[in-house]
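Values quoted throughout were computed directly from the atomic coordinates according to the rules given, and no laboratory measurement underlies them. Here the structure is a predicted model, which is why all the values come from computation and not from measurement. When we count neighbours, we look across all protein chains shown, and the Cβ atoms used for this are built from the backbone with ideal geometry, even at glycine.
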């Protein structure tokens, strides 16, 4: 397995010329880029021309990750050559299916096989309920296949995201790559670092990923009260206060949900995943050191530090973490790199949602928000 990272900037072109080549039988090209790059056809066509036999996929971001740095207005690319792993690409547009659960099923059916070891998914970030997407994936693939990935981003604008399939760049689509065989080693880790605060409130009215009422009060009013002068900056400012969702008020386990949109007329808040009616919600706030510790815990959970050979680390971190940490954001990338074997490469993006199993073992995938989620890939 060999990994070559490189970048593209409008006006400057690729930073490697000519484009690198590999002689590996199976090749993967991952591309993470600025939301505005959907207006640039030339670099995507150049990549498809240079790598006609590669599996090519990618998405827009709220920041591109390369090693321990964050970039904007680039295409950040990783060319990966596999010696003993078979790859397959699945693709679906939202217009082809009825609902996000069906989209997850359809993607999984394209990839399903007895020797499928893992799936990496990249989805439109604004028109997909991530909870339903992973429910469809889980039902078809079961718990023995590791499924990770993320939802495309658009900075803090929440206007439009894109997903890359070959050289086709557009919204309202989902792509996934499957890794096959017993020589590929895939591990994962996902951790947060946010602190719940304030009263726990019962979700008294919701529908899928739409939240209407907490404790019989309009949820949008609640957010506005906490945001104060920043209420006019919704939905972006809502990223500072995600929700911890518990099935029971006394449960220590919770999933984090972050805002995608607000509807003043309906007084509703749209989240990246399901907000189950009857469950309990509590606002969360950031603690800088705990966010960095969470990223380090995610890296430790992958077990990558115990490997002797270099690995590929795919990092998907939430846009909310970037907005909160500001100039300190690269600290979370530095600690993840510190827990990778020497010579390893890290690439990824800031997202509108992260896909990973809960905990460090194999198991059903969940949609996470406000986490650092890592997928570590190597060949034995």
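Rounded to the nearest 10 degrees, the angle from helix 41-50 to the longest Cα principal axis of the chain is 40 degrees.
Relative contact order for region 151-195 using alpha-carbon pairs under 8 Å, separation at least 6, rounded to a whole percent? The normalised contact order for region 151-195 reaches 20 percent. Using DSSP, restrict attention to beta bridges with both residues in the chain and report what percent are antiparallel, rounded to the nearest 5. Antiparallel: roughly 80 percent of the beta bridges in the chain. When the chain is modelled as a GNM with alpha-carbon springs shorter than 10 Å, which of 53, 157, 12 fluctuates the most? Comparing 53, 157, 12 in the GNM, the peak value goes to 12. Per residue, the average separation of C-alpha pairs within less than 8 Å and at least 6 apart gives the chain a relative contact order of 21 percent. Spatial offset of region 235-283 relative to region 162-202 amounts to 19 Å, using the alpha carbon center of each.
Helix 100-111 axis versus longest C-alpha principal axis of the chain: approximately 20°, rounded to the nearest ten. In terms of surrounding Cβ atoms within a 10 Å radius of their Cβ, 372, 1, 284 rank from fewest to most as 1, 284, 372. When 36, 225 are arranged by Cβ crowding within 10 Å, least crowded first, meaning fewest neighbours, the order is 225, 36. Between region 1-76 and region 322-366, what is the C-alpha centre distance in whole Å? Region 1-76 and region 322-366 have Cα centres separated by 19 Å. Is region 1-145 best put as rounded, prolate or oblate by its Cα gyration tensor, with a ≥ b ≥ c the root eigenvalues, rounded for a/c under 1.5, and otherwise prolate when a/b is larger than b/c, oblate when not? It is oblate, given that a/c is not under 1.5 and a/b is not larger than b/c.
The mean sequence distance of close C-alpha pairs (under 8 Å, at least 6 residues apart), as a share of the length of region 195-285, puts its relative contact order at 42 percent. The fraction of all Cα pairs in region 260-380 landing in successive 5 Å bins from 0 to the largest distance is 2, 10, 18, 21, 19, 13, 7, 5, 3, 1, 0, 0, given as whole percents.
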